[in-house]
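Colleague: Here's a structure for you.
The values are calculated or read from the model by the stated rules, or taken from the named source; none is laboratory data. These numbers were taken from a predicted model, which means no experiment stands behind them. When we count neighbours, we look across all protein chains shown, and the Cβ atoms used for this are built from the backbone with ideal geometry, even at glycine.
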Amino acid sequence: MSRSSAYRLTGVVILLGAAAVAVVIALLIGGGAKAPLLQDPGAFVLWGTPIAKLVMNIAAAAMLGSLVLALFALRSGEKSFDTALNVASIGAAVFTVAAGLAGFFAFMAAFNPQLSLEREFGAQLGRFLLTLAIGQSWLITTVLGAIITVLAFAWRSWTATLLTAILAAASFIPLATQGHAGDLAGHNVAVNSILLHTIGAAVWLGGLLLLIVLRGRPDVDTPRLVARYSTLAIAAFVVVAISGVARSVVALGDWSQLATPYGAILIAKVVLLGGMGLLGAWYRARLIPKLDGERASRWFWMLVLCEVALMGLASGAAAALARTPPPTGEESFAKTPAEVLTRTALPPDFTIDRWFTSWDIDILWLVAAGFGLFLYLAGVIRLHRRGDRWPIHRTVFWVLGMLMLVWVTGGPINAYQEYLFSVHMLGHMMLSMAIPLLLVSGAPITLALRAIHKRDDGTRGGREWILWAVHSPFSRVVTHPFVAAGIFIFSLWAFYFTDLVRWSMYEHLGHEWMVAHFLISGYLFVMSLVGADPVPYRLPYPGRLITLIAVMAMHAFFGMAIMMQEGLMVADWFGSMGRDWGPTPMEDQYIGGGIAWSIGEIPTLILAITVAIQWSRNDTKLQRRTDRNADRTGDAELEEYNAKLAAMAERDRRQAERERA
């Protein structure tokens, strides 16, 4: 066995061994393997469930982390890229089997049936997988794992790998909505934090596993690969840390709960996370720059094994923690209609002071906005250090747009949008019109193309992926002004006059989809009309104004249509909230239509004024260009034009004389 093969085997053994030890100890401490009081499914199910979840988590990391690192650090078509996809495919296959087993164990724990091959047992299992939410989640996860296994093995192009990676990340969603996250008062925060936590950890651990697999390969530029993985690991560490804090706050309730078994396991995870962060920071600063040297390389790969051991311990603790009931999980049943619908108590009256004191943070969009602010400001600083200038007003627009995104998704609008249709509509207008106008004015694509270094080794970094996205056929379609305007307007009617609005109220995934969809559709529409960022096609200025006028008219009709509704939209939600303050549900719906009709037109009017100003400036630039050309050529074009007119006049005169003769 070669040294590289022995190192790979050692890494896998350390990871699995550390994870197994951690999960056993944490289960014994937290009581996650104890039989429930009402029914005992047996030791095989009680211990098999966390072990299956542990294997599933590690396999998911190999699946997603390998795909992400391949897209960011390797060259398509080379053996190292194919190896990464092979690792992802194997990880997805193990993930599929482990998810299937974990789902089966969940069925056995829930119903405690007698294991048999009879039809009744199969029918009961089928009902669990097809009718219950937890069963559906396990079924969807297993099916997605099987699909990813095939895609990662069969498709090896850049685009196919990107789509496979997106699908791999999406496979984390079904289970994030289940388990203890669904029982907590802070349901939305718990779901988003678990999703971010698992994806961040998967990218971190999976990339590290791929480094071990690719060690010693002659076709791999190890220093570059490690440096690029380190960049991904830093981002993953930040996501894992922030989401972990948010999840802990929701699960614990108060600091005194750290003394519980759940708190003890949580403290162990925090210590392990801190150790991995310090270890990564140390070898990024000290060893990676010297990785070409033999001594530094030997120390680096030894530290990688240490990090793998810490990762294994953290993974085992996480698997056990998922089986340990949190201190805040044992809550009384909902007592009010608002608690039944939203899992939270009805807030107080929406008075003026609540606009400044109400917060309901959405950790998903907080993290997204945080990364958006950091990356944008980092790009501006890089240009400044290089001696290039970047307009200060664009930076101001971007910062304001990101801060407004945080405020809309985590401030008073988010705190009350579930209870008041008018507030929900106001948030929609801000997401689709006000925030995109600010973000587009920041010209983030132009900044990224100027600030991010161009790669020369055939791999794709941020700049290369942005250029691919801008010039892709899909981008040419969705950024066309008519298509973008159609998506923008059609979304309004399709969302509020179909069951999509109901889905966004009852399901957390629907709410997050709504936020993302309206933000993106608004951004595409604004970018197709104004802005400095490159798009495949923009209409002439008269066409842009006509498009805007048409959109404003359709927007006004939409608002009036809501105001004229005789029945209550989503009556089983807004009409059943049990509010004893504020306008009645029908009055509130009328106010919401008025917001869409009036306040919603303000950003569109600003956009129209912006188009008119740009049109005027464009005409001025054309006139100045014409004047400079005339000064440079001595009005040669004008003299040529006058000579042509004179020749035509002379020809007409001679023709008239011949006719008279």
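Colleague: If a residue must be in contact (Cβ under 8 Å) with a residue 40 or more places away in the chain and closer than 14 Å to His428 by Cα, how many such residues does the stretch 498-510 contain?
Modeller: Within the stretch 498-510, residues that are in contact (Cβ under 8 Å) with a residue 40 or more places away in the chain and closer than 14 Å to His428 by Cα number 2.
Colleague: For the stretch 113-125, does any single residue satisfy the condition of being under 26 Å from the mean Cα position of the chain (by Cα) and surrounded by 14 or more Cβ atoms within 10 Å (Cβ to Cβ)?
Modeller: So far as the stretch 113-125 goes, no, none of its residues is under 26 Å from the mean Cα position of the chain (by Cα) and surrounded by 14 or more Cβ atoms within 10 Å (Cβ to Cβ).
Colleague: Now for a separate question. Can you tell me how many residues within the stretch 463-491 are more than 19 Å from Arg450 (Cβ to Cβ), of a type in the set (Phe, Trp, Tyr) and surrounded by 15 or more Cβ atoms within 10 Å (Cβ to Cβ)?
Modeller: Result for the stretch 463-491: 1.
Colleague: So, one more: Quick check on Arg75: is it assigned to a helix (DSSP H, G or I) and among the charged types (D, E, K, R)?
Modeller: Answer is no for this residue.
Colleague: Could you tell me which of the residues Leu568, Leu545, Leu539, Leu529 is of a type in the set (A, V, I, L, M) and touching a Gly at 6+ places or on another chain (Cβ under 6 Å)?
Modeller: Just a single option satisfies the conditions, and that option is Leu568.
Colleague: Let me ask you something else. When you look at Gly401, is it assigned by TED's automatic domain parsing to the domain that holds Tyr496, in contact with a Leu (Cβ under 8 Å, 6 or more places away or on another chain) and buried (at least 19 other Cβ atoms within 10 Å of the Cβ), yes or no?
Modeller: Here the answer is yes, as Gly401 does meet what is asked.
Colleague: Got a number for residues in the stretch 407-448 being of a type in the set (Asp, Glu) and under 21 Å from Glu601 (Cβ atoms)?
Modeller: Qualifying residue count for the region: 0.
Colleague: Here is a follow-up. If a residue must be surrounded by fewer than 21 Cβ atoms within 10 Å (Cβ to Cβ) and either touching a residue at least 12 places away in the same chain (Cβ under 8 Å) or more than 18 Å from Ala236 (Cα to Cα) (or both), how many such residues does the stretch 157-171 contain?
Modeller: 9
Colleague: Now for a separate question. With the requirement that a residue be modelled with pLDDT under 85 and over 19 Å from Gly206 (Cα atoms), what does the stretch 264-287 give you?
Modeller: Within the stretch 264-287, Trp282, Ala285, Arg286, Leu287 meet the criteria.
Here's the yes/no breakdown for (1) in a loop (DSSP other than H, G, I, E, B); (2) assigned by TED's automatic domain parsing to the domain that holds Val408; (3) of a type in the set (Ser, Thr, Tyr):
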| position | (1), (2), (3) |
| --- | --- |
| Arg476 | no, yes, no |
| Phe495 | no, yes, no |
| Ser504 | no, yes, yes |
| His517 | no, yes, no |
| Leu568 | yes, yes, no |
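Colleague: Restricting attention to the stretch 450-460, report how many residues are in contact (Cβ under 8 Å) with a residue 60 or more places away in the chain and either closer than 30 Å to Val396 by Cα or not assigned by TED's automatic domain parsing to the domain that holds Phe397 (or both).
Modeller: The qualifying residues number 4.
Colleague: With the structure loaded, tell me whether Gly77 is touching a residue at least 24 places away in the same chain (Cβ under 8 Å) and buried (at least 24 other Cβ atoms within 10 Å of the Cβ) or whether it fails that test.
Modeller: It is false that Gly77 is touching a residue at least 24 places away in the same chain (Cβ under 8 Å) and buried (at least 24 other Cβ atoms within 10 Å of the Cβ).
Colleague: Further question on the same structure: Residue check: is Ala146 more than 30 Å from Glu339 (Cα to Cα) and assigned to a helix (DSSP H, G or I)?
Modeller: Against the criterion (more than 30 Å from Glu339 (Cα to Cα) and assigned to a helix (DSSP H, G or I)), Ala146 qualifies.
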